[in-house]
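Encoded as structure tokens, the structure appears first; notes follow it.
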Amino acid sequence: MHLDPFELHRPTTVDEVVRLATELAGRFDYLAGGTDLLPNYKMHLNAKPHLVALEDVRELRGHSDSRLGAMERLADLEADRTFGRTHPGLTDAIGEVATPLVRSSGTVGGNLLVDTRCFFFNQSYFWRSSLGFCLKADGDRCHVVPQAERCYATFSGDLAPALLVLDAEVEVAGPSGRRRLPLGALYDPGGDGIRRTRLAPGDLLVAVHLPPGPPGRRARYKKLRVRPSYDFPELGVAVAGAWDSERVRSLRLAVGGVETLPRRFDDLTDPLVGTPLTPEAVNRLADEVQRRVRPVHNTFLPPDYRRRMVGVYVRRAFAEAREGSAG
Amino acid sequence: MPSSEPGPYRLLGGRIPYVEGPLKVTGRAEYTDDIQRPGMIVGRLLRSPWPHARLLSVDVREARALPGVLAVLTGDRYPTPFGVLPITHDETAIAVGKARYIGDIVAAVAATDELTAEKALSLVRFEVEPLPEYSDPRSGLSKVAEPIHARGLLGSNIQKEVVQHFGDVDAAFARAAVTVRFRGRFAGVTHAFTEPMATVAEATPDGRLTVWSATQVPHYLHRALSEVLEIPMHRIRVIKPEVGGGFGGKSDPLPHEIVCAALALETGRPVKILFDREDVFYTNHGRHPTQNDVRIAADADGNLLGYDIEALIEGGAWSSFGTVTTYYNGVLAMGPYRVPNFRYKGQRVYTTKPPSGAMRAHGGTNLRYSIELALDALAEKLGTDPFDLRLRNALPPNSTTINQFRITSTSFVKCLTAVRERSGWDAKFRRLPYGRGVGLGCGFYISGSNSPIHFTPKMPQSTVHLKVDMDGGIAVHSMQADIGQGSNTLLAAIVAEVLGVDLERVHVQRVDSDVSPVDLGSYSSRVTFMMGNAAREAAESLRDRLVAAAARTLGEPAETLEVGHERIGVRGRPDRFVTFLDALHAAMETSGALTASGSYRSPTMGGTFKGARAGTAPAYSFAAYVAEVDVDVETGAYRVPRLWAAFDCGRALNRLAVEGQIEGSIHMGLGQVMGESMNYRSSRLLNPSLLEYKIPMPQQMPKVEILLVGDDDPEGPFGAKEAGEGPLIATLPAVGNALYDAVGVRFSELPITPDRVLRGLDLRAAEHRPWKGA
């Protein structure tokens, strides 16, 4: 397998990126860590003639307790033990991404915007040509859900669920300036495995902002996969909130790795605020989340198993949630 | 820990780091992809996107016309069939007439660079007629519309059928007090060696062809090149650079090796073909997907009365070693226990999938899983401990099996005794809480196939040449193929041991058919036993001449001399000696540089019935493993925290290498149990990548305790037997039986993934069969 030639752009400022992105709209990809994009390019998966490398844009780097630059390497966050103590659930998720080698290149923004995955998509050009291609690349059929008009490729980032439950916001730069939106609003609920986000042409993810959490907030991210490293999630469950035996003060739950988008279940968790978090309440919540998710057979483990694990992982995430040192 | 008692040898029996280790870890060792030749170009293969198709016509004009393209080859140019076994030549370098699986090679190009070559491939136009796909071996058992090969049995896709019956199995079952049955299903697994295949070929104006290739068996490659390209062997030179693992996957002569040579002949330029991982998966030759059915009968005391075994094994598109595989899936049941009556029916069926072939512990692995799980079921029925059942039935040393395998040394009973004690079995078996368990698995394996594939048994299976000159360095030539298992190191150590010299004097030369005497290469766990004996003979011949020269120099009778460290001296007289170099130079006065040769041929053995030679070997290794498992009964995920491995490889000559082989085997065996699986949708391989083919991660490795308990084998070099394949086999049933002890389910389908564990627990719950109170 080989990379086809492409033109590499190396802007140094956000403005320059936005200008390039507007000019090259539809003909480029951002190059962040490259750990997912370049293997996909070698497989000739929707490769573009231009790559805009974000490595030299200083503003995209760095992190604090409340802000993560989109180009911050996962390994840099992992190495910051203060950050880790402050954000236990997020640290779980970072530590579960792929392997140390991948995390030394992989970035926050890259993981949030990582392409969806499917057994019938993440294959070489030869492999796909022998099958007749698919909706997501070069074809017009879905091999997972026949007759499907939308793509069922699976959202495979670990950070999104963990950040969703922290009420993270994303800062986006675009042709009309900067804006901030909740992370959940970055993903398009009307989209599918192909059109995943609401980013417009020329938009650039600049940073993730973490608002202060309630005192005593705990969090946990749990990932299902076949092997303890390397593998993409077959399911990711994140919980965060503040609760004790008396009552729930705040609660968020999000799931990734089972559908085309990560999802938060506020309509299930909001009614629990003010009530005691009993084992029965956790069980009801787990069962309802499990009832709602709809995995399809496009990853290694069968969908009925992944679905069954949703309940188990939700219960365990609550049981294992840890308190962050600075909320 | 392995025992550390000092042995009788200076080097052998110790821990000897690989002689090529410093070159490998510093990146200086030369692998095939490191070979650069002047004017070298790129070879690329066009693979069939069709599972089964008649190739009606092909148009290569556009591809050939592309600037930078030097050759485009299709199957008609070199159509002579080949294959590793002379009786089943059904492969061609490039498909002729039909494509038989997705990934089958249908054309090849040579071009100045990669991009041009790939562009050219896209310009090759085929007109094809789709043919029926046969992805289920059962669909090929009777006459089919379009047999994958014309040689299929009676118009079916059956490549080989074996029926054997020794004793009277029906009578044995009729008088049995207890019978058990276990039916296993095994997904195909592949070797997943580190180095993808690579070949470089160059045809030179002197009329010679040189081929460098990542192969385990340079000699069989040499023969196949000669046959297909119709060039006499002496005009072909095969060189084996360092090889990054094989495990059987590089033991067949492979089509791309012949294609690469053909492209070099066609273009007059050196050509390199380097595989992607996906190519490796399509080349496969991994372990056969298998369904087996094992019935065992025993009397009330637990004496085994008979085995009745059937196996349906899936060959994929080619024969490869399949005839051997079909025998092995039966006859490798003949140890490590006494089996007085034995019946076997095995069928290997072609399918439109990547070919299966030989993989580490070839033919013995899936069979052994089913036997060992059946034996545990038998022990349970008899109310006896799994160890006691096996001890009662252990094959004795110096015995003959009912199918006439000659058993010489066996330390199987010592394996059982040692592993029972070290694992704390008696305190753990059925006594750990629900979800945790221990399991015993045993095995045995051939230490070198007694039947050379291509030779009459009169020719030696291994020859080693030595040359020593003024400098006192000893050059060692042999076509034995070090593929990472440490055979170069063992070869050097045997020579150094016999001659009493430092290891650094011994230089094992790269395998090169121009100068290396034939050894059949690295398969069937034959190298230590056969090459080791040949090396010993060569070194002893050299030693005798050095001793004679020393005797002349010292004026003492030769029989009073002994070889010491870098010296030869009078026994019991430390002051009366000559140095190695002085003895050497004295010996050279008459002949110049000294050369010596040694060889090994295995003794005549086996019966006279059809297939009698399959499974015969000059010695057998034995194993008894205990695994401990810890199952998460809510998710079905499990860990194997501990594994105790008692192994009989005779005398371990290089403990470091033996331990490495055992640990690596356990890792590979665990892979097949826990997650490795070539997954198909009909004939389409779904996971041709190391991301989705789930080799266990380091975190999944148990803490392994190795117990080397073997006694010296009477015919092995310095008492040694194999340790390359046998150590894999016992891993699988040890885990399978431990899972039963943990949760009360005998899992019959491998790999045992978490979803299958949960399904097993669900079934047990539905049948209201409590286990350990759960």
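The values are calculated or read from the model by the stated rules, or taken from the named source; none is laboratory data. Nothing here was measured: the structure is a model prediction, and the numbers come from that model. Note that each Cβ is placed from the backbone with ideal geometry, even for glycine, and that neighbours are counted across all protein chains shown.
Conditions (1) of a type outside the set (S, T, Y); (2) farther than 15 Å from B:T635 by Cα, marked per residue:
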site	(1), (2)
A:Y230	no, yes
A:A238	yes, yes
A:V248	yes, yes
A:L253	yes, yes
A:V258	yes, yes
A:D266	yes, yes
A:P271	yes, yes
A:V282	yes, yes
A:Y305	no, no
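Among the listed residues B:L739, B:L761, B:L732, identify the single one that is in a helix (DSSP H, G or I) and surrounded by fewer than 24 Cβ atoms within 10 Å (Cβ to Cβ). Steps first, please.
Numbers: B:L739 fails: surrounded by fewer than 24 Cβ atoms within 10 Å (Cβ to Cβ); B:L732 fails: surrounded by fewer than 24 Cβ atoms within 10 Å (Cβ to Cβ).
Criteria check complete, one pass: B:L761.
Got a number for residues in region B:58-78 being more than 14 Å from B:C260 (Cβ to Cβ) and assigned to a loop (DSSP other than H, G, I, E, B)? Before you say what the answer is, go through the steps one by one.
Of all residues in region B:58-78, those more than 14 Å from B:C260 (Cβ to Cβ) come to B:58-69, B:72, B:74-76.
Filter again for assigned to a loop (DSSP other than H, G, I, E, B), leaving B:60, B:66-68, B:75-76.
Number of matching residues: 6.
Would you pick out the residues in region A:223-244 that are more than 18 Å from A:E288 (Cα to Cα) and buried (at least 18 other Cβ atoms within 10 Å of the Cβ)?
Residues of region A:223-244 that are more than 18 Å from A:E288 (Cα to Cα), as a first pass: A:223-234, A:241-244.
Once the filter is applied, which keeps residues that are more than 18 Å from A:E288 (Cα to Cα) and buried (at least 18 other Cβ atoms within 10 Å of the Cβ), region A:223-244 yields A:K223, A:L224, A:R225, A:V226, A:D231, A:F232, A:P233, A:E234, A:G241, A:A242, A:W243.
So for region B:638-648 (the condition being within 21 Å of B:G435 (Cβ to Cβ), within 14 Å of chain A (Cβ to nearest Cβ) and buried (at least 19 other Cβ atoms within 10 Å of the Cβ)), does at least one residue qualify? Explain how you work it out, then say what you get.
Restricting attention to region B:638-648, the residues satisfying the condition of being within 21 Å of B:G435 (Cβ to Cβ) are B:638-644.
If we keep only those that are within 14 Å of chain A (Cβ to nearest Cβ) too, we end up with B:638-641.
Narrowing the set further to residues that are buried (at least 19 other Cβ atoms within 10 Å of the Cβ) leaves B:638, B:640.
Looking for residues that are within 21 Å of B:G435 (Cβ to Cβ), within 14 Å of chain A (Cβ to nearest Cβ) and buried (at least 19 other Cβ atoms within 10 Å of the Cβ), one finds at least one in region B:638-648, hence yes.
Determine whether B:V673 is within 14 Å of chain A (Cβ to nearest Cβ), closer than 26 Å to B:G437 by Cβ and crowded, with 23+ Cβ neighbours inside 10 Å. If you could, list the steps in order and put the result at the bottom.
Details: within 14 Å of chain A (Cβ to nearest Cβ): yes; closer than 26 Å to B:G437 by Cβ: yes; crowded, with 23+ Cβ neighbours inside 10 Å: yes.
The answer is yes for B:V673.
Name the pairs: first residue in region B:695-706 and within 14 Å of another protein chain (Cβ to nearest Cβ), second residue buried (at least 18 other Cβ atoms within 10 Å of the Cβ) and part of a loop (DSSP other than H, G, I, E, B), Cβ to Cβ under 6 Å, at least 6 apart or on different chains?
B:I695/B:A192
Which residues, taken from region A:274-292, are surrounded by 15 or more Cβ atoms within 10 Å (Cβ to Cβ) and within 14 Å of chain B (Cβ to nearest Cβ)?
Within region A:274-292, A:A286, A:Q290 qualify.
Of the residues A:R264, A:R252, A:R247, A:R220, only one is surrounded by fewer than 23 Cβ atoms within 10 Å (Cβ to Cβ), away from every other protein chain (no Cβ under 14 Å) and closer than 29 Å to A:G174 by Cα; which?
Answer to the selection: A:R264.
Out of curiosity, is A:D304 in a helix (DSSP H, G or I) and either at pLDDT below 95 or within 14 Å of chain B (Cβ to nearest Cβ) (or both)? Walk me through it before giving the result.
Working: in a helix (DSSP H, G or I): yes; either at pLDDT below 95 or within 14 Å of chain B (Cβ to nearest Cβ) (or both): yes.
Yes; evaluated as a whole, the condition is true for this residue.
Scan region B:20-52 for residues that are assigned to a loop (DSSP other than H, G, I, E, B), touching a residue at least 24 places away in the same chain (Cβ under 8 Å) and away from chain A (no Cβ under 14 Å) and report the count. Walk me through how you get there before you give the answer.
First pass over region B:20-52, keeping only residues assigned to a loop (DSSP other than H, G, I, E, B): B:20, B:26-30, B:35-40, B:48-52.
Filter once more, so that each one left must be touching a residue at least 24 places away in the same chain (Cβ under 8 Å): B:20, B:29-30, B:35, B:37-40, B:48-52.
When the remaining residues are screened for being away from chain A (no Cβ under 14 Å), the result is B:20, B:29-30, B:35, B:37-40.
Result for region B:20-52: 8.
Suppose the filter is surrounded by fewer than 22 Cβ atoms within 10 Å (Cβ to Cβ), within 24 Å of A:N46 (Cβ to Cβ) and either more than 14 Å from chain B (Cβ to nearest Cβ) or modelled with pLDDT of 95 or more (or both); does A:R195 pass it?
Details: surrounded by fewer than 22 Cβ atoms within 10 Å (Cβ to Cβ): yes; within 24 Å of A:N46 (Cβ to Cβ): yes; either more than 14 Å from chain B (Cβ to nearest Cβ) or modelled with pLDDT of 95 or more (or both): yes.
So A:R195 fits the description; yes.
Is there any pair linking a residue in region B:557-583 that is on the phi > 0 side of the Ramachandran plot and outside the structural domain of B:L594 (by TED's automatic domain parsing) to one that is of a type in the set (K, R) and buried (at least 16 other Cβ atoms within 10 Å of the Cβ), with Cβ under 9 Å and at least six apart or on different chains, and which?
Sorted first by the residue in region B:557-583, then by its partner, the list stays empty.
May I ask you to list the residues in region B:120-155 that are surrounded by 13 or more Cβ atoms within 10 Å (Cβ to Cβ), within 25 Å of B:G75 (Cα to Cα) and of a type in the set (G, A, S)?
B:A120, B:S122, B:S135, B:G152, B:G155
Out of the strands (runs of 3 or more DSSP E) lying entirely within region B:371-482, which hold 2 or more residues that are assigned by TED's automatic domain parsing to the domain that holds B:H585? Steps first, answer last, please.
Values: elements: B:436-446, B:462-468, B:474-477.
Filter on region B:371-482 gives B:462-468, B:474-477.
Answer with yes or no whether B:E314 is among the acidic types (D, E) and without any contact (Cβ under 8 Å) to a residue 40 or more places away in the chain. Break it down into steps so the answer makes sense when it comes.
Details: among the acidic types (D, E): yes; without any contact (Cβ under 8 Å) to a residue 40 or more places away in the chain: no.
No, not satisfied.
In region B:741-774, which residues are charged (D, E, K, R) and within 14 Å of chain A (Cβ to nearest Cβ)? Break it down into steps so the answer makes sense when it comes.
Step one: of region B:741-774, the residues charged (D, E, K, R) are B:741, B:746, B:749, B:755-756, B:759, B:762, B:764, B:767, B:769, B:772.
B:E749, B:D755, B:R756, B:R759, B:D762, listed by residue number.
Given the condition outside any loop (DSSP other than H, G, I, E, B) and surrounded by fewer than 24 Cβ atoms within 10 Å (Cβ to Cβ), answer yes or no: does some residue in region B:608-623 qualify?
Of the residues in region B:608-623, the ones outside any loop (DSSP other than H, G, I, E, B) are B:620-623.
Now narrow it down to the ones that are surrounded by fewer than 24 Cβ atoms within 10 Å (Cβ to Cβ): none.
There is no residue in region B:608-623 that is outside any loop (DSSP other than H, G, I, E, B) and surrounded by fewer than 24 Cβ atoms within 10 Å (Cβ to Cβ).
Being within 28 Å of the chain's Cα centre (by Cα) and either more than 14 Å from chain A (Cβ to nearest Cβ) or loosely packed, with under 14 Cβ neighbours inside 10 Å (or both) is the requirement here; does B:V163 meet it? Can you show your working first?
On the way: within 28 Å of the chain's Cα centre (by Cα): yes; either more than 14 Å from chain A (Cβ to nearest Cβ) or loosely packed, with under 14 Cβ neighbours inside 10 Å (or both): yes.
Criteria met by B:V163.
Among B:E195, B:E202, B:E133, B:E146, which is over 30 Å from B:L274 (Cα atoms) and acidic (D, E)? Break it down stepwise before answering.
On the way: B:E195 fails: over 30 Å from B:L274 (Cα atoms); B:E202 fails: over 30 Å from B:L274 (Cα atoms); B:E133 fails: over 30 Å from B:L274 (Cα atoms).
Selected residue: B:E146, the only one of B:E195, B:E202, B:E133, B:E146 that is over 30 Å from B:L274 (Cα atoms) and acidic (D, E).
Look at B:A117 and say whether it is within 14 Å of chain A (Cβ to nearest Cβ) and either farther than 21 Å from A:G132 by Cβ or part of a helix (DSSP H, G or I) (or both).
Details: within 14 Å of chain A (Cβ to nearest Cβ): yes; either farther than 21 Å from A:G132 by Cβ or part of a helix (DSSP H, G or I) (or both): yes.
Answer is yes for this residue.
Kindly establish whether A:Y313 is crowded, with 19+ Cβ neighbours inside 10 Å and out of contact with any Pro (no Cβ under 9 Å at 6 or more places or on another chain).
Details: crowded, with 19+ Cβ neighbours inside 10 Å: yes; out of contact with any Pro (no Cβ under 9 Å at 6 or more places or on another chain): yes.
When the stated conditions are applied, A:Y313 passes them.
Can you tell me which condition B:S682 does not meet? The list is (1) touching a Lys or Arg at 6+ places or on another chain (Cβ under 7 Å); (2) within 14 Å of chain A (Cβ to nearest Cβ), and all the others hold.
It fails just one condition, (1).
Hey, among A:P271, A:P295, which residue is within 14 Å of chain B (Cβ to nearest Cβ), out of contact with any strand residue (DSSP E or B) (no Cβ under 6 Å at 6 or more places or on another chain) and not hydroxyl-bearing (S, T, Y)?
Working: A:P271 fails: within 14 Å of chain B (Cβ to nearest Cβ).
Result: A:P295 is the single residue among A:P271, A:P295 that is within 14 Å of chain B (Cβ to nearest Cβ), out of contact with any strand residue (DSSP E or B) (no Cβ under 6 Å at 6 or more places or on another chain) and not hydroxyl-bearing (S, T, Y).
Residues are listed down the side, and each one gets a yes or a no for (1) β-branched (V, I, T); (2) within 14 Å of another protein chain (Cβ to nearest Cβ); (3) farther than 19 Å from B:R277 by Cα:
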| position | (1), (2), (3) |
| --- | --- |
| A:E7 | no, no, yes |
| A:R10 | no, no, yes |
| A:V18 | yes, no, yes |
| A:L24 | no, no, yes |
| A:R27 | no, no, yes |
| A:N40 | no, yes, no |
| A:L45 | no, yes, no |
| A:V52 | yes, no, yes |
| A:V57 | yes, no, yes |
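Give the residues of region B:508-524 that are closer than 14 Å to B:L490 by Cα and either assigned to a loop (DSSP other than H, G, I, E, B) or not aliphatic (A, V, I, L, M) (or both), sorted by residue number.
At the first step, the residues of region B:508-524 found to be closer than 14 Å to B:L490 by Cα are B:508-509, B:522.
Answer for region B:508-524, where residues must be closer than 14 Å to B:L490 by Cα and either assigned to a loop (DSSP other than H, G, I, E, B) or not aliphatic (A, V, I, L, M) (or both): B:Q509, B:S522.
Check B:Q485, B:Q509 and return the single one that is assigned by TED's automatic domain parsing to the domain that holds B:V578 and closer than 30 Å to B:G363 by Cβ. Show your work before the answer.
Values: B:Q509 fails: closer than 30 Å to B:G363 by Cβ.
Matching residue, one of B:Q485, B:Q509: B:Q485.
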